[in-house]
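The structure under discussion appears below in the form of structure tokens.
What follows is calculated from the coordinates using simple rules that are stated; it is not laboratory data. Predicted model, so just to flag it, every value in this text is computed and none were measured. Because the Cβ atoms are built from the backbone with ideal geometry, glycine has one as well, and the counts that use them run over all protein chains shown.
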Amino acid sequence: MALSHSERHLKVPAGKPFHLSSVDPSATPGLKKKDKDTITETLESMHDQLSQLQERLWAEHSRAVLLVLQALDSGGKDGTIRRVFKGVNPQGVKVTGFRQPTAIEASHDFLWRINMALPARGEIGIFNRSHYEDVVAAYVTKQIDDKERQRRFNEIRHFEDYLDRNHIDVVKVFLHISSDEQKERFQERVDIPEKRWKFSSTDLETRRHWDEYQDAYSEAITATSTDESPWFVIPANHRWSRDYSIMKLLLDRLALMNPQYPQVTGLDGLTIA
């Protein structure tokens, strides 16, 4: 599928080395800092557009969209889902969060639980974390070696190509925050009682391996950003800019898909008694 202007701006080109350090996490692509005060009104209009396109996708019932959200801890996955999909008919949206595999999930291949969660025709599926956890996190924590990691990269490329051929349009997004921003968000979780439920000691353990995760995600993005299923890296230090970028990405993709209401015949002149 052809890419829109906004997609090309954020896209990681296939076949070229990439590192997250090349993207400024405080950038506001397509926006200026002064736009923050008016972005709420803009997003409301975009929500209406997303709702209309999602309704057409649901009615058409022949294709699906899968939004893959990856980020380091506190990167904004939950907030993105809550704010971007505000007002969208929940009947046509399916959200799946992936944590450490359960005993049953671990007894299958690493894509088994992913297959079980794929969106049906007409749905927008959202993965809060994804199959990439079973490559990146597993590699950094030394559960798999590089040989197994490369094998999984290859399987992911084939898997996502399979999804594309079966009319599931995959939009892969990495929410890129800085180490200082993560530190500030973790501190908020400690200091604000309403946010303490989000805090986990494992967050601090992961933070100690910040550089390793930056490298591992960069390598994963390089290995799996393809022409059919490219990665989009979105600067995410500023929540308002992040939300706009993802909303624009989804709207452009759905507009290119151009879902249509199905043609219904035989109703002309029908009067309901």
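Here are the numbers:
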read-out	value
Using a Förster distance of 45 Å, the FRET efficiency for Ser201-Asn258 (Cβ separation, nearest 0.05)	0.40
Those trypsin sites (Lys or Arg not before Pro) in the stretch 192-273 that DSSP places in a loop and that have at most 12 other beta carbons within 10 Å	Arg208
Phi to ³J(HN,Hα) by Karplus 6.51 cos²θ - 1.76 cosθ + 1.60 over the stretch 112-129, Hz, x for Gly, Pro	4, 6, 5, 4, 5, 9, 5, x, 7, 4, x, 9, 9, x, 10, 9, 8, 6
Neighbour-count order for Glu123, Glu105, Glu184, fewest beta carbons within 10 angstrom listed first	Glu184, Glu105, Glu123
Distance in nm between pseudo-label sites at Leu118 and Glu228 (7 Å out along the Cβ direction from Cα)	1.1
Fewest-first sequence of Met247, Met257 by Cβ atoms within 10 Å of each Cβ	Met257, Met247
For Tyr261, Tyr132, Tyr139, order by how many other beta-carbon atoms lie within 10 Å, fewest first	Tyr261, Tyr139, Tyr132
Long-range amide H partners of Val171 with built H, under 5 Å	Leu66, Leu67, Val68
Gain in span if fully extended, Ile104 to Gln52, counting 0.36 nm per residue against the direct Cα distance	14.9 nm
Degrees between helix 39-60 axis and first principal axis of the chain (Cα, 0 to 90, nearest 10)	60
Under 17 Å from Lys195, Cα to Cα: aspartates and glutamates that are on another chain or at least 8 residues apart	Asp73, Asp78, Glu181, Glu184, Asp203
Share antiparallel - DSSP beta bridges, the chain, percent rounded to 5	10
Förster radius 35 Å - calculated FRET efficiency between Thr141 and Ile192 (Cβ-Cβ, nearest 0.05)	0.75
Two-site label geometry, Ser22 and Arg151: point separation in nm, points 7 Å out along Cα→Cβ	3.0
For the stretch 258-273, Karplus couplings with θ = phi - 60° (6.51, -1.76, 1.60), whole Hz, Gly/Pro x	6, x, 10, 5, x, 6, 10, 10, x, 9, 4, x, 6, 10, 7, 6
Percentage of interatomic Cα-Cα distances in the chain larger than 36 Å	15
Per-residue [θ]222 nm for the chain (sum of -39500 (n - 2.57) over DSSP H runs n ≥ 4, rounded to 500)	-14500 deg cm²/dmol
Whole-Hz ³J(HN,Hα) from phi, Karplus 6.51 cos²θ - 1.76 cosθ + 1.60, for the stretch 215-227, glycine and proline x	5, 5, 5, 4, 5, 5, 5, 4, 6, 10, 7, 10, 4
Förster radius 22 Å - calculated FRET efficiency between Glu133 and Ser62 (Cβ-Cβ, nearest 0.05)	0.15
Placed amide H near Gly97: partners under 5 Å, 5+ positions off or other chain	Asn128
Chain lengthening between Val95 and Ala14 when straightened (0.36 nm per residue, less Cα-Cα)	26.4 nm
Principal-axis tilt of helix 179-191 within the chain, Cα atoms, nearest 10 degrees	80
Degrees, to the nearest 10: 146-165 long Cα axis against longest axis of the chain	10
